[in-house]
Amino acid sequence: MWRRAEVLDLYAEPSDPPYPVGCVDESPDQLVSEVRQPVLAAPGQPVRYDDEYRREGTCHVFMCVQPLGGWRHVKVPDRRTAQDCAPCMQDLVDRHFPQATLITVMLDNLNTHTPAALYDTFTPAEARRLLQHLDCRYTPTHGSWLNRAEIEFAALSTQCLARRIPDQATVRRRGGAWEASRNAQKVTINWRFTTAKARRKLKRLYPS
């Protein structure tokens with residue numbers, strides 16, 4: 001309960017450029033290729049796809065989001081390990097928010113989403129340097145839906161990845177185009193679930 005309240009209180013804070021709030025999450029994406037070429041659209045006839053397809057495995061997609069800044073970044077690493085997650089955190093510090101005093105990062109409870117991932121990947125001095133610029137916060141157990149990066153994943157899936165994609169390179173290309181378009185529009189996340197609403201909707205979990 002206290003962790004849920006901490007997350008909601010953080011989301012209620014106004015934007016403060018030296019202290020940005022970001023949300024980081026990751027998700028698998030299935031790769032599927034066509035067995036037969038689709039029939040292209042024609043006047044009065046939509047594009048047609050054959051029911052048969054070929055499974056091409058999966059890839060992994062990382063999402064970094066600054067909800068109040070209208071910014072997000074999609075990264076498709078080769079694997080899903082601590083050594084793939086740690087460079088995303090390094091990019092937040094050195095590439096995306098180099099002027100920030102402290103970056104608060106909302107994460108879920110995956111075993112790769114810990115400060116230990118930085119020490120497993122970089123030298124101790126580099127890991128310590130990065131952690132001095134990161135304030136890692138975590139969603140409650142079974143409460144990963146409180147990570148606002150999941151909202152961006154829903155948009156990415158419906159607007160970009162909800163089709164047959166055969167390989168990782170295509171996911172990178174389409175994800176990059178989606179990211180650029182959405183960032184250009186500065187699309188923000190209108191988060192409406194507040195602590196007050198949580199107390200009403202989840203009152204059985206709160207003391208009277």
Worksheet, complete the sentence: Toy charge model, Lys and Arg Cβ at +1, Asp and Glu Cβ at -1: the chain dipole around Cα centroid in debye, rounded to 20, equals 780 debye
Fill in: 79, 148, 137 arranged by Cβ crowding within 10 Å, fewest neighbours leading
79, 137, 148
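What does the charge count near residue 3 come to, summing +1 for each Lys or Arg and -1 for each Asp or Glu among other residues with Cβ under 14 Å from its Cβ? Show your work: numbers first, answer last.
Numbers: positive: 4, 137; negative: 6, 9, 108.
My count for the surroundings of residue 3 gives -1.
For residue 120 and residue 39 in one chain, what is 0.36 nm times their gap in residues minus the Cα-Cα distance, to one decimal in nm?
24.3 nm
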Worksheet entry | Along each principal axis, Cα extent of the chain, largest first, Å | 58, 47, 31
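So if I place +1 on the C-beta of Lys and Arg and -1 on the C-beta of Asp and Glu, and nothing else carries charge, what would the dipole magnitude of the stretch 1-96 be about its Cα centre? I want it in debye, nearest 20. Working shown, then result.
Details: 11 positive and 16 negative charges, 38 e Å.
With only Lys, Arg, Asp and Glu charged at Cβ, the dipole is about 180 debye.
Defining a contact as two alpha carbons under 8 Å apart and six or more residues distant in sequence, what relative contact order in percent does the stretch 1-112 show?
On the way: 148 pairs, mean separation 35.2, N = 112.
Reported relative contact order: 31 percent.
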Worksheet item: Going by how many other Cβ atoms sit within 10 Å of their own, how do 24, 93, 65 line up, fewest first?
Response: 93, 24, 65
Worksheet entry | Projected label distance in nm at residue 110 and residue 157, using a 7 Å step from Cα toward the beta-carbon | 1.4 nm
Item to complete: Putting +1 on Lys and Arg Cβ atoms and -1 on Asp and Glu Cβ atoms, find which of 74, 123, 196 reaches farthest to the positive end of the dipole of the chain.
Response: 196
Discussion item. Is there a quick way to get the dipole size of the stretch 21-71? I mean about its Cα centre, with the Cβ of Lys and Arg at +1 and of Asp and Glu at -1; what is the value in debye to the nearest 20?
Written reply: 160 debye
Worksheet item: Along the charge dipole of the stretch 53-202, which of 101, 114, 185 sits closest to the positive end, that is, farthest toward it, with unit charges on the beta carbon of Lys, Arg, Asp and Glu (+1, +1, -1, -1)?
Response: 185
Worksheet, complete the sentence: For the stretch 1-112, the Debye formula with one identical point scatterer on each Cα and no solvent gives log10 I(q)/I(0) at q = 0.12, 0.15, 0.16 Å⁻¹ as -0.62, -0.78, -0.83
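Can you put 122, 97 in order, fewest other beta carbons within 10 Å first?
On the way: 122 18, 97 21.
The most exposed by this proxy come first: 122, 97.
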Worksheet, complete the sentence: Residues whose built amide H sits under 5 Å from the amide H of residue 22, excluding neighbours closer than 5 in sequence, are 104, 105, 106
Practice prompt. Could you point to the residue in 38, 170, 146 farthest towards the positive end of the chain's charge dipole, with +1 and -1 charges on the Cβ of Lys/Arg and Asp/Glu respectively?
Written response: 146
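Every number here is computed from the coordinates shown, using simple stated rules; none is lab data. Treat the numbers as computed from the prediction; the structure is a model and nothing was measured. Heads up, the Cβs are rebuilt from the backbone with ideal geometry, glycines too, and the neighbour counts pull from every protein chain shown.
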